[in-house]
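Enquirer: Got a structure here, written out as structure tokens. Questions coming.
The values are calculated or read from the model by the stated rules, or taken from the named source; none is laboratory data. Treat the numbers as computed from the prediction; the structure is a model and nothing was measured. Ideal geometry is used to build each Cβ from the backbone, glycine not excepted, and the neighbour counts take in all protein chains shown. Accessible surface areas use protein heavy atoms only, side chains included; no ligands, DNA or RNA. Shrake-Rupley method; radii C 1.70, N 1.55, O 1.52, S 1.80 Å.
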Amino acid sequence: MSLVMWASAFELATMSYALADRFNQEKKAKTQAQVALVEGLQRSERELEGKVAQRTRELQNAQSRTTELLHNILPTELADELSTTGFARPARHESVTILFTDFSGFTHAASTMPADRMVAELNEVFTAFDDITDACGIEKIKTIGDAYMAAAGIPKPCVDHAQRCVRAGLHMIDYLNDRNRTAAFKWSIRVGIHSGPVVAGVVGKRKFTFDIWGDAVNIASRMESSGETGRVNISAYTFDLIRKEFDCEYRGKMDAKGKGKIDMYFVTHMRKIADELNPTISESNIFQLRDL
């Protein structure tokens, strides 16, 4: 009897041990499966985070390129406003100075010049003009054929807008005189400047353009066309604003197409006080921007 009991007890112990071992194996397998699931989820999460970070960088780079492009075609203040609100509000500016330049004899020269060389010549000169306007603190508006248009006092007002434009005009003429010493094609320009009120704004849907309108723009254009090559021709309004910093030569009342007779002045040179007031945009510093 006792032998049977011992045998039963041994069998029961063996079965208990087997069941316990199986339970432990199932528990271990279940734990391993849970660990594998967690690791898989964590790996997927890391991959997703990496893809999100990469996409975010791509979007940020695209946004930076878009912002940079807007800043290249629009004034910074208006580009930021357009990016933030989706539109840029037009504004009237009561005191602005407008500058026009135009090549003398360009039509005849262009007719005998290969197209690629003509574009290269314009690009080189206008790139230098861009550097000069940036250094003088004026805003390039646009180029129209061989004409270059810029303005000071927009979109951010400034008290020395006339001085900035006159200084830029003189530096543009100096640049071409310096370039003509070694260049195969020699260019000369007329520069016209006038001061007055304008309306400024951004137009266009797919291709944005910053432009200005008003009678002051028309008169500035007439200052250019009524001037002489290698000289800065200004109106009496501009002369009154710069007379303390620049020496000028009175031309008298000159005919201006569509405007009748207008008092005009040639700017002869800037006085030392002009460089003292604006040492960062003196003539030597302008030419250090590039190998002009």
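Enquirer: (1) outside any strand (DSSP E or B); (2) open to solvent by less than 60 Å² (accessible area, probe 1.4 Å): which one isn't true of residue 124, the others all being true?
Expert: Only one criterion is unmet by residue 124, namely (2).
Enquirer: Is there any pair with a first residue in the stretch 186-206 that is in contact (Cβ under 8 Å) with a residue 24 or more places away in the chain and of a type in the set (Ser, Thr, Tyr) and a second that is surrounded by fewer than 20 Cβ atoms within 10 Å (Cβ to Cβ) and assigned to a strand (DSSP E or B) whose Cβ atoms are under 8 Å apart and which are 6 or more apart or on different chains, and what are they?
Expert: 195/95
Enquirer: Please state which one of 143, 101, 133 is open to solvent by less than 70 Å² (accessible area, probe 1.4 Å), without any contact (Cβ under 8 Å) to a residue 24 or more places away in the chain and closer than 22 Å to residue 219 by Cα.
Expert: 143
Enquirer: Please pick out the residue among 117, 206, 190, 164 that is open to solvent by 40 Å² or more (accessible area, probe 1.4 Å), within 26 Å of residue 256 (Cα to Cα), charged (D, E, K, R) and not in a strand (DSSP E or B). Can you show your working first?
Expert: Working: 117 fails: within 26 Å of residue 256 (Cα to Cα); 206 fails: within 26 Å of residue 256 (Cα to Cα); 190 fails: not in a strand (DSSP E or B).
Only one candidate passes the filter, namely 164.
Enquirer: Please work out if residue 72 is among the polar types (S, T, N, Q), open to solvent by 100 Å² or more (accessible area, probe 1.4 Å) and either at pLDDT below 70 or assigned to a helix (DSSP H, G or I) (or both).
Expert: The answer is yes for residue 72.
Enquirer: Hey, residue 182 hits all of (1) over 21 Å from residue 212 (Cα atoms); (2) open to solvent by 10 Å² or more (accessible area, probe 1.4 Å); (3) in contact with a helix residue (DSSP H, G or I) (Cβ under 7 Å, 6 or more places away or on another chain); (4) of a type in the set (Val, Ile, Thr) but one; which does it fall short on?
Expert: The number of the failed condition is (3).
Enquirer: Further question on the same structure: Across the stretch 247-286, what is the number of residues that are among the hydroxyl-bearing types (Ser, Thr, Tyr), modelled with pLDDT of 90 or more and open to solvent by 80 Å² or more (accessible area, probe 1.4 Å)?
Expert: Within the stretch 247-286, the first condition is being among the hydroxyl-bearing types (Ser, Thr, Tyr), and the residues that meet it are 250, 265, 268, 280, 282, 284.
Those still in the list that are modelled with pLDDT of 90 or more too: 250, 265, 268.
This time we only want the ones that are open to solvent by 80 Å² or more (accessible area, probe 1.4 Å), so: 250.
Of the residues in the stretch 247-286, 1 are among the hydroxyl-bearing types (Ser, Thr, Tyr), modelled with pLDDT of 90 or more and open to solvent by 80 Å² or more (accessible area, probe 1.4 Å).
Enquirer: How many residues are in contact with a Lys or Arg (Cβ under 7 Å, 6 or more places away or on another chain) and either among the β-branched types (Val, Ile, Thr) or more than 19 Å from residue 149 (Cα to Cα) (or both) when one looks only at the stretch 222-256?
Expert: 7
Let's see how each residue does on (1) more than 15 Å from residue 128 (Cβ to Cβ); (2) in contact with a Lys or Arg (Cβ under 6 Å, 6 or more places away or on another chain); (3) aromatic (Phe, Trp, Tyr):
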{"site": "174", "(1), (2), (3)": "no, no, no"}
{"site": "179", "(1), (2), (3)": "no, no, no"}
{"site": "183", "(1), (2), (3)": "no, no, no"}
{"site": "188", "(1), (2), (3)": "no, no, no"}
{"site": "196", "(1), (2), (3)": "yes, no, no"}
{"site": "205", "(1), (2), (3)": "yes, no, no"}
{"site": "210", "(1), (2), (3)": "yes, no, yes"}
